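Undergrad: First the structure, then my questions, so here it is.
The values are calculated or read from the model by the stated rules, or taken from the named source; none is laboratory data. Since we're looking at a predicted model, the values are computed, not measured. Virtual Cβ from ideal backbone geometry, glycine too; neighbours counted across all protein chains shown. For accessibility, only protein heavy atoms count, side chains too; no ligands or nucleic acids. Shrake-Rupley method; radii C 1.70, N 1.55, O 1.52, S 1.80 Å.
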Amino acid sequence: MGDGWLRCVTDSNLWLDLLIGRVEAQAFRLQWEFMAPDVVIAELLLPSWNLLGMGLVEKSLSGPEMLKAGELVEKYPRPGRIDIISLFLAMRENAVLLTGDEALRAAAQQEGADVHGTLWLLDAMVGEGAISKAEGYRSLELMCNAGRRLPRKEVSARMASWRLGGK
């Protein structure tokens, strides 16, 4: 992590976590570029979310790239087709893939892609001052209360560390 520019491709699962945790806008305080395939953007177009207005960059795949992504869909049937498109885009852009989807993370690791999840992003947001520890704690609490699938042991450790709040 650390200070500096990072290029990230995101899936809808990550944004759902952040939206439920009420820290989606704060993610854009990081000096990072957040991208998503147009098919993911289509899933996230509720007007109240306004992710494109906050800085999420929409990317498209060409016809031949969609065919190549289709090969990955055949290779990895468990993540959805749209999730695989996020993986393909991350590989094309030489970017970090941010996802909370376990099957997509496994496919990305097998493909040698740099992949991280919601907790990693929250750690970066706290570490770089985009949110306070108290905001991180509250965000995790909201995600857990909504039934988001996050690793319990790791969540508990962060919540214990961030419980007292502050920066």
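Undergrad: Looking only at segment 99-133, which residues are among the aliphatic types (A, V, I, L, M) and more than 21 Å from LYS75 (Cβ to Cβ)?
TA: Those that are among the aliphatic types (A, V, I, L, M) and more than 21 Å from LYS75 (Cβ to Cβ): LEU119, LEU121, LEU122, ALA124, MET125, VAL126, ALA130, ILE131.
Undergrad: Could you say which residue among MET143, MET125, MET159 is under 22 Å from TRP5 (Cα atoms) and among the hydrophobic types (A, V, I, L, M, F, W, C)?
TA: Unique residue meeting the criteria: MET125.
For every residue, the table says whether it meets (1) surrounded by fewer than 16 Cβ atoms within 10 Å (Cβ to Cβ); (2) under 20 Å from GLU33 (Cα atoms); (3) polar (S, T, N, Q).
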{"residue": "ALA108", "(1), (2), (3)": "no, yes, no"}
{"residue": "VAL126", "(1), (2), (3)": "no, yes, no"}
{"residue": "LEU142", "(1), (2), (3)": "no, no, no"}
{"residue": "ASN145", "(1), (2), (3)": "yes, no, yes"}
{"residue": "SER156", "(1), (2), (3)": "yes, no, yes"}
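Undergrad: Which numbered condition in (1) under 12 Å from the mean Cα position of the chain (by Cα); (2) within 20 Å of MET66 (Cα to Cα); (3) not small (Gly, Ala, Ser) is the only one that VAL39 fails?
TA: (1)
Undergrad: Looking at (1) within 22 Å of TRP15 (Cβ to Cβ); (2) open to solvent by less than 50 Å² (accessible area, probe 1.4 Å); (3) of a type outside the set (Gly, Ala, Ser), which one does GLU65 not meet, given that it meets all the others?
TA: (1)
Undergrad: Take LEU119 and tell me if it is farther than 20 Å from GLU33 by Cβ and buried (at least 19 other Cβ atoms within 10 Å of the Cβ).
TA: Yes.
Undergrad: Here are some residues: ARG163, ARG138, ARG149. Which one is open to solvent by 70 Å² or more (accessible area, probe 1.4 Å) and within 15 Å of ASN13 (Cα to Cα)?
TA: ARG149
Undergrad: Of all helices (runs of 4 or more DSSP H) completely enclosed by segment 116-167, which ones contain at least 1 residues that are touching a residue at least 40 places away in the same chain (Cβ under 8 Å)?
TA: 118-127, 133-145
Undergrad: Just checking: which of the strands (runs of 3 or more DSSP E) contained wholly in segment 1-83 hold 1 or more residues that are in contact with a Lys or Arg (Cβ under 8 Å, 6 or more places away or on another chain)?
TA: Of the strands (runs of 3 or more DSSP E) lying wholly inside segment 1-83, those with at least 1 residues that are in contact with a Lys or Arg (Cβ under 8 Å, 6 or more places away or on another chain) span 6-10, 32-37.
Undergrad: Looking at segment 24-41, is at least one residue of a type in the set (Val, Ile, Thr), in contact (Cβ under 8 Å) with a residue 24 or more places away in the chain, open to solvent by 10 Å² or more (accessible area, probe 1.4 Å) and over 17 Å from GLU93 (Cβ atoms)?
TA: no
Undergrad: With (1) under 12 Å from SER12 (Cα atoms); (2) free of Cβ contacts under 8 Å to residues at least 60 places away in the same chain as the list, and SER86 as the residue in question, which single condition is left unmet?
TA: Here SER86 clears every test but (2).
Undergrad: Go over the candidates ALA36, ALA25, ALA42 one by one and state the one that is among the aliphatic types (A, V, I, L, M) and closer than 16 Å to GLU128 by Cβ.
TA: None of the other options fit; the residue is ALA25.
Undergrad: So, one more: Among the residues of segment 96-114 satisfying the criterion of being among the charged types (D, E, K, R) and over 17 Å from LYS68 (Cβ atoms), which is nearest to the chain's Cα centre (by Cα)?
TA: Selected residue: ASP101.
Undergrad: State which residue is most open to solvent (accessible area, probe 1.4 Å) when the search covers only segment 89-106 and only residues that are in contact (Cβ under 8 Å) with a residue 40 or more places away in the chain and assigned to a helix (DSSP H, G or I).
TA: GLU102
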